[in-house]
Amino acid sequence: MSVKTTIFKAIQPLRLQLNRLRGKTFIPSPFSHLYIETTNICNLNCRFCAYGKQTRKKGVMSYEKFVDIIDKATAYGYRRFGLTPIVGEVFADKGFMKKLSFLEGHDKVQEYSFYSNFILPDSELIESLSRLKKLKTLGISIYGHDLDSHCLIARSSERNYRKLSENIESLRSVYSRVGWGVEFWLRSSRGIDQQHGESQLLEIIRLFCAEHDVDMHATTEFNNWGGLIVESDVAGIDMDVVDGSEIYKNGACSLIFYKNQVLVDGRLNACACRDVNGTMVIGDLNAEGFAEIFSGSNCRYMDLIQEQQRGVFKSACFDCDFYRSIYSYYGSYDRCGGKLYQLKDFQELFDRNDKGISEPLPYERCYADGSSAKAQRCSLAQQATDQQR
């Protein structure tokens, strides 16, 4: 553990307690992105991933349902979308490109991004990707730095490894004329030297990065997926799994406010990060609108927030190492853009939705209606100053 990490762990509890006493919270805008899972099926079964421990029914979101969700989302105020599943591979959805075409033609959609292990596309599909205008970032997840580590870590094959290399070469050949960014994320064993390690795959990626000023990020430390992944799952791979039980928790996690995910079946889950089995569903977009879900009268959502404020976390959250307290600022918030918000802002949003104000709420301007919460509704603003019990 680095000195910086050690110091952070030592002072973080005090920082959270002080900010809670001051009623100071840090929450990115809920309209920064909406995350939509078009499939929860994957072509790999990585040792460090909770995909193999998923109990939800696997499937693909229909084109009609996707269109309906995007229309509802843009009417509510969303303009940016993340299409990476909680677990799954976007190109396992054979209709994924048709859905991207719909986003491209939608006048209210500004941009979208997604991650892929980039094994399933072919050269024709990559050519189609190169013509996309609203795609902001394609993240390519590389599992293993060479053939042996790829097969071991991803439970994959030489055929997949060769296909991945070919696809990166194909993308390199068209990348000079695309208008979106690429990021490579290498996940491998501790022994890898991303700058000087030798393999066909690393050489192709380094050449891509050098030609097009693209970054390659590497990690050998992995999330525990809310306690679902333990050291025995990665035995023999020389990887570290973060022990989430060591993460100090004080207050609700900010992710349940700004990083919600539409699951493949149309239900809305509070967390888009590590709740692989959808245990924090707060609504169903098959039967409800966003205003009904983000409402003070929605007991499922209000109860979840109140429980976390009291220090009561569901199993997916209790051991989660991805926890982000609302009482602390995190560097990842820089990517969200815009100002940070207080719990009272969400209280006003809930009030507004309960009053039936249908105009989308732009968080860049102030509220004008001055509404207050109903007596029976929990007061999030008050919770901001409550001591954790």
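The values are calculated or read from the model by the stated rules, or taken from the named source; none is laboratory data. For clarity, every value in this text was computed on a predicted model and none was experimentally measured. Backbone-built Cβ (ideal geometry, glycine too); neighbour counts: all protein chains shown. Only protein heavy atoms, including side chains, enter the accessible area calculation; ligands, DNA and RNA are left aside. Shrake-Rupley method; radii C 1.70, N 1.55, O 1.52, S 1.80 Å.
I need the calculated FRET efficiency for the pair residue 355 and residue 318, taking r as the beta carbon distance and R₀ as 35 Å, to the nearest 0.05.
Between residue 355 and residue 318 the formula returns 0.50.
On a 0 to 90° scale, report how tilted helix 3-22 is relative to the longest principal axis of the chain, with both axes built from alpha carbons and the result rounded to the nearest 10.
Its long axis makes an angle of about 20 degrees.
What's the longest piece of the chain with no exposed GluC sites (Glu not before Pro), counting a site as exposed if DSSP puts it in a loop and it has at most 11 other beta carbons within 10 Å?
It runs 1-197.
Given R₀ = 30 Å, what would the calculated FRET efficiency be for residue 299 paired with residue 122, taking r from the Cβ atoms and rounding to 0.05?
0.05
At 25 °C and 0.890 mPa s, what whole-number value in µm²/s does Stokes-Einstein give for the translational diffusion of the chain, with Rh from the Kirkwood sum over Cα pairs?
111
Could you compute the FRET efficiency for residue 94 and residue 24, with r as their C-beta to C-beta distance and R0 at 51 Å, rounded to 0.05?
Once rounded, the FRET efficiency stands at 0.60.
In degrees between 0 and 90, to the nearest 10, how far off the longest principal axis of the chain does helix 158-174 point, with axes built from Cα atoms?
80
State, to one decimal in nm, how far the label point of residue 174 lies from the label point of residue 203, with both points 7 Å from Cα in the Cβ direction.
2.5
Is region 109-156 best put as rounded, prolate or oblate by its Cα gyration tensor, with a ≥ b ≥ c the root eigenvalues, rounded for a/c under 1.5, and otherwise prolate when a/b is larger than b/c, oblate when not?
Prolate, since a/c reaches 1.5 and a/b exceeds b/c.
Using the heavy atoms of the protein chains and a 1.4 angstrom probe, tell me the accessible area per residue for the chain in square angstrom.
44
Using 30 Å as the Cα-Cα cut-off, could you pick out the over-long pairs in 249/344; 99/344; 24/65; 136/355; 94/249; 133/344?
99/344; 24/65; 136/355; 94/249; 133/344
How large is the Rg to Rh ratio of region 227-277 when both quantities use alpha carbon positions and Rh follows Kirkwood?
Using only Cα positions, Rg/Rh for region 227-277 is 1.07.
Search the structure for amide H atoms under 5 Å from the amide H of residue 81, placed 1.01 Å from N in the peptide plane, and list their residues when 5 or more places away or on another chain.
HN-HN under 5 Å from residue 81: 34, 111, 112, 113.
Using only the Cα atoms of region 1-158, build the gyration tensor, take square roots of its eigenvalues as a ≥ b ≥ c, and label the shape rounded, prolate or oblate: rounded if a/c is under 1.5, else prolate if a/b is larger than b/c, else oblate.
Verdict is oblate for region 1-158.
Given contacts defined as C-alpha pairs under 8 Å and at least six residues apart, what's the relative contact order of the chain, whole-number percent?
Result for the chain is 22 percent.
Give the carbon-plus-sulfur fraction of the accessible surface of region 77-130 in %, rounded to a whole number; probe 1.4 Å, heavy atoms of protein chains only.
Here it works out to 45 percent.
Once both axes come from the Cα atoms, what is the angle between helix 343-354 and the longest principal axis of the chain, in degrees from 0 to 90, rounded to 10?
Compared with the principal axis, the helix lies near 80 degrees.
Taking the Cα-to-Cβ direction at residue 219 and at residue 185 and moving 7 Å from each Cα, how far apart do the two end points lie in nm?
0.7
So what's the net charge close to residue 116: Lys and Arg +1, Asp and Glu -1, counting the other residues with Cβ under 15 Å from its Cβ?
In short, -1.
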